[in-house]
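All of the numbers you see were taken from the coordinates with simple rules; none came from a lab. Bear in mind the structure is a predicted one, so any value in this text is a computation, not a measurement. Cβ sites come from the backbone with ideal geometry, for glycine too, and all protein chains shown count toward neighbours.
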Amino acid sequence: MTENPIRTERRGHVLEVTLDRPKANAIDLKTSIIMGDVFTEFRDDPDLRVAIVTGGGEKFFCAGWDLKAAADGDAVDGDYGKGGFGGLQELRGLNKPVISAVNGICCGGGLELALSADIILAAEHASFALPEIRSGTIADAASIKLPKRIPYHIAMEMLLTGRWLDAEEAARWGFVNHIYPADQLLAKAREMADLLASGPPLVYAALKEIVRESEDLKFQDAMNRITQRQLKTVDVLYGSEDNLEGARAFAEKRDPVWKGR
C-alpha cells in the first residue's frame, strides 16, 4: 500500500487528484481526511479553477468504503474529515467544476464520489454498482443522489439488488457524460478541464450556487433569489470586471480575457 494514498498534480489552473491505494483504491478514514484537505485547498485557492479526480491503476476507480479497515476498527460513523466521505460530497461552497475520470470499477462509496462531480467521464471498461445491500448496509449518499440523476426505477433497482451497470448502460441512463477508450480517458478529461479552465470562473461559481441552492425551491422562488441578487456568487458576478469584459469582448468580436474579478 502506498504511503500517501492521494497524488496531486497542478497543470496551470487545473488540479489532478488521483486516489492511489492498491489494490482497489478503497477509502478509509485517514484517506478521506486527506481527500477533504485536498479538495478544501482546491476550493480556496484562487489560482485553481477545475479539478479532475481519478483512480490509480487501470482496474479500479474506487471500490468505496474500505471494509478491511472497518474490520480493523475504522468506525462507519467516524470522522471522514472536511467534505465528508471522500472529501467532496458534503464540501460546502465548492463553486468550481469537478470532473470524475472513472478508469475502472466504481462501486459503493466510489460511485458516490463520482456522483459528487459535475461531469463524469468513463473508460469503456468502467462498471458501476451499489453493492451495499449484500453486506447489510446502505449507500446513504447514493440513496439521495442517484434517484435525482437517473430514472427512479433504475436507481432503485441498483440500490435494492446491487446489480452492475457497464459504462454504456450508465451513459444511456444519463449519469455518465462520455465514454472513451481507457488509453484516452485522462487526455479527454484534461481536454475538458482545459476548456473549463479557459472559461469565466465567476460564471461557473454562480451556476453551481444557483443549481445547489435552487434544488428544493419552486421555480419562481428560485428566480426571485437570482434576480434580487440574494445569492452571493450572483451578486459578485453582476458587479464584476468579468461581467463587463464579456459584453465588451462580444461587441469587439474578440475572445474575452477572464480575470476572475
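Going 7 Å from the Cα of W173 toward and past its Cβ, which residues in segment 136-150 have a backbone nitrogen under 11 Å from where you end up? Counting backbone N atoms under 11 Å from the label point, the list is 146-150.
Dipole magnitude for the chain: about 560 debye, using +1 per Lys or Arg Cβ and -1 per Asp or Glu Cβ, origin at the Cα centre.
Neighbours of H125 by Cβ distance under 12 Å: Lys/Arg scored +1, Asp/Glu scored -1, total -4.
Could you sort 5-16, 121-132 so that the peptide with the highest average Cβ count within 10 Å comes first and the rest follow in order? Show your work: numbers first, answer last.
Working: 5-16: 16.6, 121-132: 22.6.
By packing density, highest mean first, the sequence is 121-132, 5-16.
Can you compute the FRET efficiency between R134 and S198 using 1/(1 + (r/R0)^6), with r the Cβ-Cβ distance and R0 = 45 Å? Round to the nearest 0.05.
Details: r = 44 Å, r/R0 = 0.98.
Computed FRET efficiency for R134 and S198 comes out at 0.55.
Would you compute, from DSSP H runs of 4+ residues alone, the mean residue ellipticity of the chain at 222 nm, taking -39500 (n - 2.57) per run and dividing by the full residue count, rounded to the nearest 500? Could you put the intermediate results ahead of the total?
Working: 11 runs with 108 residues, N = 261.
Helix contribution divided over all residues of the chain: -12000 deg cm²/dmol.
What lysines sit close enough to K96 to cross-link, taking a C-alpha to C-alpha distance under 24 Å and skipping anything fewer than 8 places away on the same chain? Cα-Cα hits under 24 Å: K82, K145, K148, K188, K208, K232, K259. Only one residue of G136, L195, G57 has its Cα farthest out toward the positive end of the dipole of the chain, where Lys and Arg carry +1 and Asp and Glu -1 on Cβ, and that residue is L195. Restricting the calculation to alpha carbons of the chain gives Rg and Dmax of 19.0, 64 angstrom. Distance from the Cα centre of segment 84-123 to that of segment 31-81, in angstrom? Distance between centres, Cα-based: 10 Å. DSSP assigns beta bridges within the chain; of those with both partners inside it, close to 25 percent run antiparallel.
On a full-extension model of 0.36 nm per residue, what is the gain between E241 and K253, subtracting their alpha-carbon distance, rounded to one decimal in nm? Spell out each step's value before the answer.
Working: separation 12, 0.36 × 12 = 4.32 nm, distance 1.78 nm.
Between E241 and K253, full extension yields 2.5 nm more.
Its Cα centre serving as origin, segment 107-222 has a Cβ charge dipole (Lys and Arg +1, Asp and Glu -1) of approximately 100 debye.
For segment 201-251, what number results from the quotient of the Cα radius of gyration and 2.2 N^0.38 Å?
Values: Rg = 11.9 Å, N = 51, 2.2 N^0.38 = 9.8 Å.
That ratio works out to 1.21.
To the nearest Å, what is the center-to-center distance of segment 213-246 and segment 124-142, using C-alpha atoms only? Rounded to whole Å, the Cα centres lie 36 Å apart.
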